[in-house]
1. Skipping prolines and chain starts, which residues have an amide H placed within reach, meaning under 5 Å, of the one on residue 30, given they are 5 or more residues away or on another chain?
2. Quick one: which residues, 5+ away or cross-chain, put their amide H under 5 Å from the amide H of residue 89? H built at 1.01 Å from N.
3. Considering the chain, which cysteines have no disulfide-compatible partner, defined as another cysteine with its Cβ under 4.7 Å away?
4. Going by average Cβ neighbours within 10 Å, how do the peptides 56-63, 179-186, 35-42 rank, with the highest at the top?
5. Can you compute 3J(HN,Hα) from phi for each residue in the range 100-107, using the Karplus curve 6.51 cos²θ - 1.76 cosθ + 1.60 with θ = phi - 60°, rounded to whole Hz and x for Gly and Pro?
6. Kindly sort 65, 43 by accessible area of their heavy atoms, largest first, with the probe set to 1.4 Å.
7. Step through the residues of the range 182-187 one at a time and calculate ³J(HN,Hα) from phi using the Karplus curve (6.51 cos²θ - 1.76 cosθ + 1.60, θ = phi - 60°), rounding each to whole Hz and writing x for Gly and Pro.
8. Using +1 at the C-beta of Lys and Arg and -1 at the C-beta of Asp and Glu, which of 69, 6, 105 has the Cα lying farthest in the positive direction of the dipole of the range 1-131?
Amino acid sequence: MDRDAYHNCSSLVKMPRQSYEQFWSSHFVDYIDKELSYSKFFRKYLLPNHPCMFSRRFTEDWKCRKQWVTEEGKPNFQKLLQEFDETPVPVANCNAKEYNANPKQVMPLKEFIHYWKEYIQNGHSSPKGCLYLKDWHMSRDFPEHNVYTTPVFFSSDWLNEYWDSLEVDDYRFVYMGPKGSWTPFHADVFRSYSWSANICGRKKWLLYPPGQEDFLRDTHGNLPYDVTSAELQDRGLFPQFEEACQPLEIIQEAGEIIFVPSGWHHQEDTISINHNWLNGCNIDIMWQFLQNELSSVQKEIEEWRNTMDSWHQHCQVIMKACSGIDYSEFASFLKIVAENRMAFLNACSSGDSSDYSRHLSETLTALGPYHAAFDLQRVAHIIECLLCNEDFKRLDHSTSTLQPETLLQQIRDTIQSTRGQHLLYQE
């Protein structure tokens, strides 16, 4: 991040998201085919939460583009089997519905490849249905392969930074599916950003700007499973459907990367690499999502409120079971992010190379001190929101290794101490 980008957003409390009205009648998103600075991407797409597409030139050096695809542009089954033959992978059945998702099974990759070949030979049909390999943690399971490199535009990634520190999970996935495979209508985990690179094949995306999903709910408040279904025309079941804008329909070609912003509900139908990610630009959206999730849980079990001493804690447990995180872990998430950036700025100030190499990653170094300071300001703002939140106040923080108030003061002290060295506030 450069100095101008930092100064333009350093005093912001609320992110300057413009109206999404321009997308209500548009059928286009920006297509990026030339060199683009990170700061320009930050200002033009991350802050306003707007989608865009990167051309294939941004992936042309990836090993997977060369090794996983034949000269004819088809999946290189032989190479995939050579590398991942017996690897267990999660596979969904696109022809089956389980709640608002597809049921999954785990099978060896070679079994899925065998199915895929037969599916093609049978004219893109199979008695097993249309199977879709999805949510495979290939990068985590095979880190030595290095088949792609995360573009710098998507490198400020708090979500995977945190889960990498725990060494239990990540949100980096590989998807593979034949013609006809697709993902039901959804918004991404924690209302995160996502980026998706198509390695081969074509993929169709249907994108709805934030807020439009409310027009797509049925009379019970549920979102549709498939936004292309004829049942949405039933006004008795989907009374507000006609008020929704038409979705952005985007065809993604091989090698291209799409940036899907926070809260943009989407449906897509191919080998692709996908990351979910969060940072200072959309952490407020995640925080609002968590508040909404907890509120929904509280409404569901309101009738037991006065009969349980630990009702509020039970709400947190249910919330974590449903969404994957609760308020305590969210605070721990913010703590890890803040500590990494404080270590980075302190090392930059002191010039202590030993401290630098121990605490800092290549990503923080590449993004620079302005970005670290911006990140700390965003973390501080969310911690201030947590400390004012009644549900957060009710949690037991006695076992926490660092109290939120203490962390907040440490962040302020770090930014204050690095003002002069990094010209963070000088015009």
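The values are calculated or read from the model by the stated rules, or taken from the named source; none is laboratory data. What you are looking at is a predicted structure, and each value in this text was computed from that prediction instead of being measured. Neighbour counts run over all protein chains shown; Cβ positions are idealised from the backbone, glycine included. Heavy atoms of the whole protein, side chains included, go into the accessibility calculation; ligands, DNA and RNA do not. Shrake-Rupley method; radii C 1.70, N 1.55, O 1.52, S 1.80 Å.
1. Here 53 satisfy the definition.
2. Here the answer is 107, 109, since their amide H atoms fall under 5 Å of that of residue 89.
3. Those would be 9, 52, 64, 200, 245, 281, 315, 322, 348, 385, 388, since no other cysteine Cβ in the chain comes under 4.7 Å of theirs.
4. Values: 56-63: 14.9, 179-186: 18.2, 35-42: 16.8.
So the peptides 56-63, 179-186, 35-42, ranked by packing, come out 179-186, 35-42, 56-63.
5. Calculated HN-Hα couplings, in order: 10, 9, 9, x, 10, 9, 10, 8 Hz.
6. Sorted by accessible area, descending: 43, 65.
7. Once θ is set to phi - 60°, the couplings for the range 182-187 become 7, 10, x, 4, 6, 10 Hz.
8. Farthest towards the positive end: 6.
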